[in-house]
Amino acid sequence: MGSALRLFGDGFQGSKVIGGKRFWRIPVMEGEFLVEEKFGLQKGIGGGNFLILATSPDAALAAAEAGVEAIAPLQGVILPFPGGVVRSGSKVGSRRTKGMVASTNDAFCPTLRAVTTTALPETVNSVLEIVVDGLDARVVAQALRAGIDAACRDGIVGITAGNYGGKLGPHHFHLRQIMSPDGRAW
Amino acid sequence: MTGGETVLTLRAPLRRRLDATGVAWAALPGLDAEGIGSQEVWVEGEGRAVLGDVFEVHGAPAPRVRLVGDLTLVDGIGAGLSGGDLVVDGDAGRYLGRDMRGGVIEVRGNADSHAGAAQPGAKRGMTGGEIVIRGSAGPQVGAGLRRGMIVVERDTGEATGRGMLAGTILVFGSVGPDPGLWSKRGSIVAYGSLTPSAPYRYACTYRPPYLRVTLTYLKARHRVPVTPEQLAGHYRRYSGDLAELGAGEILAWIP
């Protein structure tokens, strides 16, 4: 993997051997991307998520950051988006453009409340999403529970999740089940 | 055997320089005391001798070899090492780890000049392995380094990493004048005072992710006293030597 990705460095990449493993350093606009030359692969689960419905952008961001902080130390999961937070959640497909895989999640856009079928309560003015990928359903569910627990704070009107009509894969994470007292059994 | 290691203890303080590059350092872990004692060395002004004349050898074949005594006058310790652990319980002389290809050398005192460096006239220095110097290192540590890592817990002399081809040198004390001159690639990482050489140019201040991996490894594997501030800190990056390939770097930690 790393030996292929290094080519993105266009000749500016460099490598380091640390503890017998070779890493590639690829310069990017943000700073530097580091990847191991070789690593194992296994099937996992992508796209576990929850949406934070907040009264203001500040409240949404504070809750999302608290959720990220709670999930980050957990084993077996990653938050694939930069900083762990998604501002531009999407729905499957498009209303207008044929063949488009995803487009803006209009039901959760506060600015579209008056012109689309909204899913937002009246007092919600900002929504952020946290996406969790993991090695199995159990660790994804545990991460969602930890993140939601941490995100429930002042200024949060509700927590929900993108179900995407059940079209996004075989694994469904039902938040009521995850957050119930029995949810720890995941 | 002493705790899974073979121990070579200096019989008496040395008064003349001793060249130990002819010792088959890579083969020592597989040799018994007699085999180690028969390894040839060269004594300045006297000529050929064997290790057994200079050291008392204790122990059976073991993956770890420990030298005990003030070895400031012993040059070429660990030359050509390709695996296993070699510990110097004291100071080491010049050209520590010359032509080293693998394994680990730990010096619990100071090392004289040219640790891990290329021998005169050679194109490259050590090509693999790790050298950890708990004290200071003399001039030209890592000169011509091709691959591998050198860690110096205190200071280095002038021309650290001169003509480096690749590899990494980490210095936790102050770095001597003219670091990295004529280097093509490779990294010099400084945690104490450092003045970048003239043909290096400032690039940016950032947190190199590979250093976090490197420091975590050094702390776990070699018990290098890395602080949380060093792990999470920012570094000034200088690129150079711009008179050469310019793909080398000096990373200066900002306390």
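Bear in mind these aren't lab numbers, they're just calculated from the coordinates by the rules spelled out. Predicted model only: the values in this text are computed from it and were never measured. Cβ sites come from the backbone with ideal geometry, for glycine too, and all protein chains shown count toward neighbours.
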> In the range A:68-140, which GluC sites (Glu not before Pro) are in a loop and have at most 16 other Cβ atoms within 10 Å, using DSSP for the loop call?
Replying inline: A:GLU122
>> Under the rule that an exposed site lies in a DSSP loop and has at most 14 other Cβ atoms within 10 Å, name the longest stretch of chain B with no GluC sites (Glu not before Pro) of that kind, not counting the sites themselves.
In response: B:47-255
>> Given the options A:THR104, B:GLY116, A:SER3, identify the residue whose Cα lies farthest towards the positive end of the charge dipole of the protein assembly as shown (+1 on Cβ of Lys, Arg; -1 on Cβ of Asp, Glu).
In response: A:THR104
>> Projecting each Cα onto the charge dipole of chain B (Lys/Arg +1, Asp/Glu -1 at the beta carbon, about the Cα centre), which of B:PHE55, B:LEU86, B:PRO199 comes out farthest on the positive side?
In response: B:PRO199
> How large is the charge dipole for chain A, taken about the Cα centre, if only the Cβ atoms of Lys, Arg (+1) and Asp, Glu (-1) carry charge, to the nearest 20 debye?
Replying inline: 640 debye
> When only DSSP loop residues count, what trypsin sites (Lys or Arg not before Pro) in the range A:19-80 have their Cβ near at most 10 other Cβ atoms within 10 Å?
Replying inline: A:LYS38, A:LYS43
> Taking the alpha-carbon centroid of each part, what is the distance from the range B:23-80 to the range A:42-85 in angstrom?
Replying inline: 58 Å
> Among the DSSP beta bridges whose two residues both lie in the range B:66-253, what percent are antiparallel, rounded to the nearest 5?
Replying inline: 25 percent
> Relative to the longest principal Cα axis of chain B, at what angle does helix B:209-222 sit, 0 to 90 degrees, rounded to 10?
Replying inline: 20 degrees
>> Quick check: net charge around A:LEU79, other residues with Cβ under 11 Å of its Cβ, Lys/Arg +1 and Asp/Glu -1?
In response: -3
>> As a footprinting exposure proxy, order A:ASP133, B:ASP53, B:ASP99, B:ASP70 by other Cβ within 10 Å, with the fewest listed first.
In response: B:ASP53, B:ASP70, A:ASP133, B:ASP99
>> Placing unit charges on C-beta atoms (Lys and Arg positive, Asp and Glu negative, everything else neutral), compute the dipole magnitude of the range B:1-156 about its Cα centre in debye, rounded to 20.
In response: 540 debye
> Can you give the net charge of the other residues whose Cβ lies under 13 Å from the Cβ of B:LEU211, counting K and R as +1 and D and E as -1?
Replying inline: +4
> Which angle from 0 to 90°, rounded to the nearest 10, does the C-alpha axis of helix A:57-71 make with the longest principal axis of chain A?
Replying inline: 50 degrees
> In the range B:84-181, which trypsin sites (Lys or Arg not before Pro) are in a loop and have at most 13 other Cβ atoms within 10 Å, using DSSP for the loop call?
Replying inline: B:LYS123
>> Placing +1 on the Cβ of each Lys and Arg and -1 on the Cβ of each Asp and Glu in chain A, which of A:GLN75, A:VAL115, A:PHE23 has its Cα farthest towards the positive end of the resulting dipole?
In response: A:PHE23
> How far is helix A:137-151 tilted, in degrees, relative to the longest principal axis of the Cα atoms in chain A, given as a value from 0 to 90 rounded to the nearest 10?
Replying inline: 60 degrees
>> Treating only the Cβ of Lys, Arg, Asp and Glu as charged (+1, +1, -1, -1), what charge dipole size does the protein assembly as shown show about its Cα centre? Round to the nearest 20 debye.
In response: 1400 debye
> Taking the Cβ of B:GLY138 as the center, what net charge do the other residues with Cβ under 12 Å away carry, scoring Lys and Arg +1 and Asp and Glu -1?
Replying inline: -3
> Just for the protein assembly as shown, what percent of DSSP beta bridges are antiparallel, to the closest 5?
Replying inline: 55 percent
> How high is the FRET efficiency from B:ALA198 to B:GLU229, r the C-beta distance, R0 30 Å, rounded to 0.05?
Replying inline: 0.55
>> I want to verify the translational diffusion coefficient of chain B in µm²/s; compute it with Stokes-Einstein, Rh as the Kirkwood radius over Cα pairs, at 37 °C and 0.692 mPa s.
In response: 180 µm²/s
